[in-house]
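Heads up: the structure comes next, in structure tokens.
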Amino acid sequence: MSIPSFGVGTFRLTGQAAVDSVRHALDVGYRAVDTAQIYNNEADVGVALEASGVKRDELFVTTKIWTANYAADKLVPSLRESLANLRTDYVDLTLIHWPAPDNGVSLPEFMGALAEAKSRGLTRQIGVSNFNIALTQQAIDVVGQGEIATNQIELSPYLQSRKLTAFLKEQGIAVTSYMTLAYGKVLKDPVLARIADKHQATVAQVALAWALQLGYAVIPSSTRRENLASNLLARDLKLDADDMAAIAALERNGREVSPAALAPVWD
């Protein structure tokens, strides 16, 4: 995998809450941090990264370009602004946040601009987020095979997107799972609770371990240091075949995020 398998997300965190979350995450061992222009917290993340004392080459920083900046004359300048906010000369990964099919900028234009950002050294890798199979293929056709590092998509035990993830695997594109805990809904699931009891783990650890064992990267978030540390232990939890089969049976197309103006037609 060309990206870290475990990172900390910062969605819905701003100000001191974002600073503290990233600071705590780095303190307990995280080295990958995920943010986005629309989160309005890149400057907060930058403060935490700079204050952490962790060397830049030990960090993996991801941001996402917002739809207002997709045009060829806007994307690179917007990424330069993100870099200034993040207090870094480059990010490790830059994603197109949503396909936004009706926002007036064509996919070839914004993918071409994203590739240009990489060629200028502003980002080490590029990728997409919330793309379906057809749009991912179109993106590949623009930037070339092997250029898309990941497709960051909503995945949880309740939304497993097997068709899309199989396609991404075939293409050699890493899957990054966001909303792996389904806004916390999976934490109350009796099947996951039984698996957690069996392994003397938390339900959150079970859900994250499920995604990791399928080969996905995960980016859970928390404002609590103890939860950040606990989530990280999912890397050491090994689920058996019965556990994985029980979780596979939880699929119910339980999508939590699908804004009409931004989302594609899902596979």
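What to note about this one:
- Proximity of backbone amide H atoms, modeled 1.01 Å from N, is registered between Ile96 and Ile65, Gly127, Val128, Ser129 at under 5 Å, excluding neighbours fewer than 5 places apart on the same chain.
- Whether region 169-257 is rounded, prolate or oblate, judged on the alpha carbon gyration tensor where a/c under 1.5 counts as rounded: rounded
- Summing Cβ point charges (Lys, Arg +1; Asp, Glu -1) relative to the Cα centre of region 153-252 gives a dipole of roughly 180 debye.
- For the chain, built as a Gaussian network whose Cα springs stay under 10 Å, the top-fluctuating residue of Leu93, Leu135, Leu214: Leu214
- Spin-label proximity, Arg235 to region 1-21 - amide N less than 19 Å from point 7 Å beyond Cα toward beta carbon: 1-10, 21
- Under-5 Å amide H pairs with Thr176, H placed in peptide plane, nonlocal only: Asn151, Gln152, Ile153, Ala217
- In order along region 145-153, phi translates into HN-Hα couplings of 4, x, 8, 8, 6, 7, 10, 8, 9 Hz, rounded to whole numbers, per the Karplus curve 6.51 cos²θ - 1.76 cosθ + 1.60 with θ = phi - 60° and x for Gly and Pro.
- For the chain, the antiparallel share of DSSP beta bridges with both residues in that region comes to about 5%.
- The H on the amide N of Thr10, modeled in the peptide plane, is under 5 Å from the matching H of Asp34, each at least 5 residues off or on a different chain.
- Here the average projected area of the convex hull drawn through the C-alpha atoms of the chain stands at 12.9 nm².
- Judged by the mean number of other Cβ atoms found within 10 Å, the most tightly packed of the peptides 156-169, 188-201 leads the ranking 156-169, 188-201.
- HN-Hα J in Hz across region 185-198 - Karplus 6.51, -1.76, 1.60, θ = phi - 60°, x for Gly and Pro: 5, 5, 5, 9, 6, x, 5, 5, 5, 5, 5, 4, 4, 4
- Per-residue Karplus couplings for region 200-217, computed as 6.51 cos²θ - 1.76 cosθ + 1.60 with θ equal to phi - 60°, are listed in order as 6, 10, 8, 5, 4, 4, 5, 4, 5, 5, 4, 5, 4, 5, 7, x, 8, 8 Hz, Gly and Pro entered as x.
- Over region 14-55: Kirkwood hydrodynamic radius from C-alpha pairwise inverse distances, Å: 10.1 Å
- Take the Cα radius of gyration of region 72-161 and divide it by 2.2 N^0.38 Å, N being the number of residues; the result is 1.10.
- Note on region 61-118: Cα Rg divided by 2.2 N^0.38 Å, N the number of residues, gives 1.05.
- Protein heavy-atom accessible surface, 1.4 Å probe, per residue over the chain: 43 Å².
- For region 15-100, fraction of C-alpha pairs farther apart than 19 Å, in %: 34 percent
- Within the accessible area of the chain (1.4 Å probe), percent carbon and sulfur: 50 percent
- Multiplying each eigenvalue of the alpha-carbon gyration tensor of region 123-200 by 5 and taking the square root yields semi-axes of 31, 12, 11 Å, largest first, rounded to whole angstroms.
- Rounded tilt (10° steps) of 42-52 against the dominant C-alpha axis of the chain: 70 degrees
- Based on Cα contacts under 8 Å between residues 6+ apart, region 34-187 shows a relative contact order of 18 percent.
- Theoretical ellipticity at 222 nm over the chain - DSSP helices of four or more residues, -39500 (n - 2.57) apiece, nearest 500: -12000 deg cm²/dmol
The values are calculated or read from the model by the stated rules, or taken from the named source; none is laboratory data. Since the structure is predicted, the reported quantities are computational estimates derived from the model, not experimental observations. Positions of Cβ are generated from backbone atoms using ideal geometry, with glycine treated the same way; all protein chains shown enter the neighbour counts. With ligands, DNA and RNA removed, areas are computed over all heavy atoms of the protein, side chains included. Shrake-Rupley method; radii C 1.70, N 1.55, O 1.52, S 1.80 Å.
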